[in-house]
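Structure first, commentary second.
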Amino acid sequence: MTAQPRLVEVRSRILKENDVLARQLRERFQQAGVCVVSFVSSPGSGKTTFLEKLMAGLSARHRIAALVGDLATENDASRLGRACSQVRQITTGTICHLDAKMIAAAIEGWRLEELDFLFIENVGNLVCPSSYDLGEQMRVVLLSATEGEDKPLKYPTIFNTADVALITKMDLAAAAEFNLDEARRSILSVRPGMRILQVSAKTGEGIQETEAWVESLRAPQPKQHSDGYI
Amino acid sequence: MHELSIALSMMDRIREESVRHSGTVRSAHVRIGVLSGVDSEALRFAWEMARAGSELEEAELEIESVPLRVRCPVCGVTRTAEIQSIACPHCVTPEQDIVEGREMELTALEIDS
Ligand SMILES: Nc1nc2c(ncn2[C@@H]2O[C@H](COP(=O)(O)OP(=O)(O)O)[C@@H](O)[C@H]2O)c(=O)[nH]1
Ligand SMILES: [Mg+2]
Ligand SMILES: [Zn+2]
């Protein structure tokens, strides 16, 4: 009964289920004409605060919904609820990232074709969210002026899988002796050609520019995110 | 750490693939790219937790790390690159096409029959 083990070749993506579901979501979003943008960063980099500002400006002209992932509380959802009509919290418990299944469950019952934008705030984490496609059209990574300029070098995968980088809390840059050139250099070395925007939710710096960029995403254009995932 | 979620997905894939073969799975071979977002050491640790007490308890994990390979869209050169310096050293084109390095796949199973 000691037969030689045999080697069976298989070829199966480990996150196949997530990838298939994310692709279906992306098609649904496209058909419904809703532009889906997700936001990732360390905890406290300013995702919720920035989204509040962004949505306050956009909501005059657009119909917006938001999903917020958090380990435990519903605080962020109530903050965002003041700036858009529909918001749902995804409480992930011990799981440190959102996945496509959570997104699909959270948008159940929503009439996507009545929306222009859906913003997704991922769980504050610079590692885990990078492996999971959510079906979004764009992934934005945030880096605040109070974090180290070399964060992109320490967490290259999340910067590489994102489409746009947002440097937040620019009002604190001087106090934190933040070196903008160095931060831009580290972002561009792990993701050459990446669009980088600088904002402050406090002073409003860069918010209008970001609004304009987000609105430009709704103009018909070739799919932008398909290169990011296998 | 999301490697436990990854390890559990891996078990699903192994079960899916092994139903067609009778016998005990002795090892599972995976390829993990440097840009997959998965840390090999953490995955090994998570695998120990995931397999304990399951029917895959005896399955060892064999990880092949896949380096980043990029292709320059301008000069056409394909080369291995460091994540921290992706731009083309020949023609300094910043954006490169990623050829390999995002893999996270099950490639083979060793089965006792
Ligand atoms: N000075 C300043 N503080 C900010 C800015 N954006 C966010 N904050 C503060 O940073 C902290 C974390 O922000 P929050 O939006 O909750 O971060 P999140 O965890 O990424 O959602 C809060 O105390 C915010 O008031 C900014 O542009 N300037
Ligand atoms: Mg938040
Ligand atoms: Zn080149």
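If only one of A:Ala106, A:Ala100 is in contact with a Leu (Cβ under 6 Å, 6 or more places away or on another chain) and over 22 Å from B:Glu103 (Cβ atoms), which one is it?
The conditions single out A:Ala106.
Only one of (1) within 16 Å of ligand 2 (Cβ to nearest atom); (2) open to solvent by 10 Å² or more (accessible area, probe 1.4 Å); (3) within 27 Å of B:Glu3 (Cβ to Cβ) fails for A:Val141. Which number is that?
(2)
Of the numbered conditions (1) under 30 Å from A:Ser189 (Cβ atoms); (2) assigned to a strand (DSSP E or B); (3) open to solvent by 70 Å² or more (accessible area, probe 1.4 Å), B:Arg26 fails exactly one; give the number of that condition.
All conditions pass for B:Arg26, except number (1).
Somewhere in segment A:209-223, is a residue within 13 Å of chain B (Cβ to nearest Cβ) and either open to solvent by 40 Å² or more (accessible area, probe 1.4 Å) or at pLDDT below 95 (or both)?
The answer is no; no qualifying residue exists.
Residues checked against (1) more than 16 Å from B:Ser85 (Cβ to Cβ); (2) open to solvent by less than 60 Å² (accessible area, probe 1.4 Å); (3) more than 16 Å from ligand 2 (Cβ to nearest atom):
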site: A:Leu153; (1), (2), (3): no, no, yes
site: A:Asp163; (1), (2), (3): yes, yes, yes
site: A:Ile167; (1), (2), (3): yes, yes, yes
site: A:Ala175; (1), (2), (3): yes, no, yes
site: A:Asp181; (1), (2), (3): yes, no, yes
site: A:Ile187; (1), (2), (3): no, yes, yes
site: A:Met194; (1), (2), (3): no, yes, yes
site: A:Gln198; (1), (2), (3): yes, yes, yes
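Between A:Ile64, A:Ile95, A:Ile120, which is of a type in the set (A, V, I, L, M, F, W, C) and within 14 Å of the chain's Cα centre (by Cα)?
After ruling out the rest, the residue left standing is A:Ile120.
Considering (1) within 21 Å of A:Ser130 (Cβ to Cβ); (2) in contact (Cβ under 8 Å) with a residue 12 or more places away in the chain, say which one B:Gln84 fails and leave the rest.
(2)
B:Ser36 fails exactly one of the following numbered conditions: (1) within 9 Å of chain A (Cβ to nearest Cβ); (2) in a loop (DSSP other than H, G, I, E, B); (3) more than 17 Å from A:Asn160 (Cβ to Cβ). What is the number of that condition?
Condition not satisfied by B:Ser36: (3).
With the requirement that a residue be open to solvent by 80 Å² or more (accessible area, probe 1.4 Å), within 11 Å of chain A (Cβ to nearest Cβ) and hydrophobic (A, V, I, L, M, F, W, C), what does segment B:61-98 give you?
B:Val92
Considering only residues that are open to solvent by less than 20 Å² (accessible area, probe 1.4 Å), within 16 Å of ligand 2 (Cβ to nearest atom) and in contact with a Cys (Cβ under 9 Å, 6 or more places away or on another chain), which ones fall in segment A:52-71?
Of everything in segment A:52-71, those that are open to solvent by less than 20 Å² (accessible area, probe 1.4 Å), within 16 Å of ligand 2 (Cβ to nearest atom) and in contact with a Cys (Cβ under 9 Å, 6 or more places away or on another chain) turn out to be A:Met55, A:Ala66.
Would you confirm whether any residue within segment A:37-55 is outside any helix (DSSP H, G or I), under 22 Å from A:Ser131 (Cβ atoms) and more than 16 Å from ligand 1 (Cβ to nearest atom)?
No: segment A:37-55 contains no residue that is outside any helix (DSSP H, G or I), under 22 Å from A:Ser131 (Cβ atoms) and more than 16 Å from ligand 1 (Cβ to nearest atom).
Within segment A:88-144, how many residues are under 27 Å from A:Val199 (Cα atoms), away from chain B (no Cβ under 14 Å) and of a type in the set (Ser, Thr, Tyr)? Give the derivation first.
Within segment A:88-144, the subset under 27 Å from A:Val199 (Cα atoms) is A:88-90, A:96-98, A:115-144.
When the remaining residues are screened for being away from chain B (no Cβ under 14 Å), the result is A:88-90, A:115-121, A:135-138, A:140, A:142-144.
Then drop every residue that is not of a type in the set (Ser, Thr, Tyr), which leaves A:144.
Qualifying residue count, segment A:88-144: 1.
For segment A:1-36, name all the residues that are surrounded by fewer than 14 Cβ atoms within 10 Å (Cβ to Cβ) and assigned to a helix (DSSP H, G or I).
Result: A:Val20, A:Gln24, A:Glu27, A:Gln31.
Of the residues that sit in segment B:35-60 and are within 24 Å of A:Val127 (Cα to Cα), of a type in the set (A, V, I, L, M, F, W, C) and open to solvent by less than 10 Å² (accessible area, probe 1.4 Å), which one is nearest to ligand 1 (Cβ to nearest atom)?
Restricting to residues being within 24 Å of A:Val127 (Cα to Cα), of a type in the set (A, V, I, L, M, F, W, C) and open to solvent by less than 10 Å² (accessible area, probe 1.4 Å), the top hit is B:Leu35.
The values are calculated or read from the model by the stated rules, or taken from the named source; none is laboratory data. Model, not experiment: these values are computed from the prediction. All Cβ positions, even for glycine, are placed from backbone atoms using ideal geometry, and neighbour counts span all protein chains on display. Accessible surface is based on the protein model in full, side chains and every heavy atom, while ligands, DNA and RNA are left aside. Shrake-Rupley method; radii C 1.70, N 1.55, O 1.52, S 1.80 Å.
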